[in-house]
Amino acid sequence: PATPTPIPSPSPLPGDVFLVLSDQIARDYALSPDAGRVAFLVPGLVQGQFVSRTYVAEIKSKGVSALPSPAGLAPGDQLSPAWHPDGKSVAIGQLPSGGEPGRVAVVPLDGGQPLFLPPPDKGFDQPLSWSPDGKFLAVTSFSGESLGNPGPSRLVFVSVNGQRPAAPEGAAIRAVGWLAAE
């Protein structure tokens, strides 16, 4: 896994730190809500296959550990870690497996059981970001069966309660973040 390397920030941000992960193969970095950890993907060998797995780096201690792999989590590729707003869990996408669509697992850092969000009818979801209240996860939902053949995509908001409202089909929409309603 990558080793975090703190780099002092350029002025005028004295005291702030910008984190650079030195391992060139790591990707899909996500900063925790408290800015104390970074989740990212690293390819590795699992059950004889090269797959991307999620790791978490502690910025201050420079410690790096694999995200827990609780029961029910598929051994295949993990996609785009996204921190839950409470900072206690990370959402990861999974590719379709065994004829079932890929689903998003919300994995607690303490090793508890994951929460699985409702999957698409076919294809897979790639996490983007959580709503500030943690009730919806914005995902890019692909209709294909793999990263090599993802098929058409759509912006979807997946609820922990089972809803999957989608942005208008065919629209070239990209999520950039959430705004608090006033």
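The values are calculated or read from the model by the stated rules, or taken from the named source; none is laboratory data. Just so you know, these numbers come straight off a predicted model, no measurement behind them. All Cβ positions, even for glycine, are placed from backbone atoms using ideal geometry, and neighbour counts span all protein chains on display. Just the protein is used for accessible areas: all its heavy atoms, side chains included, with ligands, DNA and RNA removed. Shrake-Rupley method; radii C 1.70, N 1.55, O 1.52, S 1.80 Å.
Structure notes:
- Residue match in segment 165-177 (condition: open to solvent by 40 Å² or more (accessible area, probe 1.4 Å) and either in a strand (DSSP E or B) or in contact (Cβ under 8 Å) with a residue 60 or more places away in the chain (or both)): yes
- Odd one out for Gly102 among (1) farther than 20 Å from Val51 by Cβ; (2) at pLDDT 90 or above: (1)
- Residue in segment 133-147 that is open to solvent by 20 Å² or more (accessible area, probe 1.4 Å), β-branched (Val, Ile, Thr) and not in a loop (DSSP other than H, G, I, E, B) present: yes
- Pro152 falls short on exactly one of the conditions (1) farther than 24 Å from Tyr55 by Cα; (2) modelled with pLDDT of 90 or more, and that condition is (2).
- Check on Gly93, more than 18 Å from Arg37 (Cα to Cα) and within 14 Å of the chain's Cα centre (by Cα): yes
- Here the condition is being surrounded by 22 or more Cβ atoms within 10 Å (Cβ to Cβ), touching a strand residue (DSSP E or B) at 6+ places or on another chain (Cβ under 8 Å) and either assigned to a loop (DSSP other than H, G, I, E, B) or of a type in the set (Ser, Thr, Tyr) (or both); of Gly102, Gly72, Gly93, Gly76, it holds for Gly102 alone.
- Candidate set from segment 118-132 (those that are out of contact with any Phe, Trp or Tyr (no Cβ under 9 Å at 6 or more places or on another chain) and closer than 21 Å to Phe40 by Cβ); member that is surrounded by the most Cβ atoms within 10 Å (Cβ to Cβ): Pro127
- Single unsatisfied condition, Pro127 versus (1) farther than 13 Å from Thr54 by Cβ; (2) without any contact (Cβ under 8 Å) to a residue 60 or more places away in the chain: (1)
- Scanning segment 24-39 for residues that are assigned to a loop (DSSP other than H, G, I, E, B) and open to solvent by less than 40 Å² (accessible area, probe 1.4 Å) yields Ala26, Ser32, Gly36.
- Val20 over 17 Å from Leu128 (Cα atoms), assigned to a strand (DSSP E or B), within 15 Å of the chain's Cα centre (by Cα) and at pLDDT below 90: no
- For Val42, the criteria (1) more than 15 Å from Ala105 (Cβ to Cβ); (2) open to solvent by 60 Å² or more (accessible area, probe 1.4 Å) hold in every case but one, which is (2).
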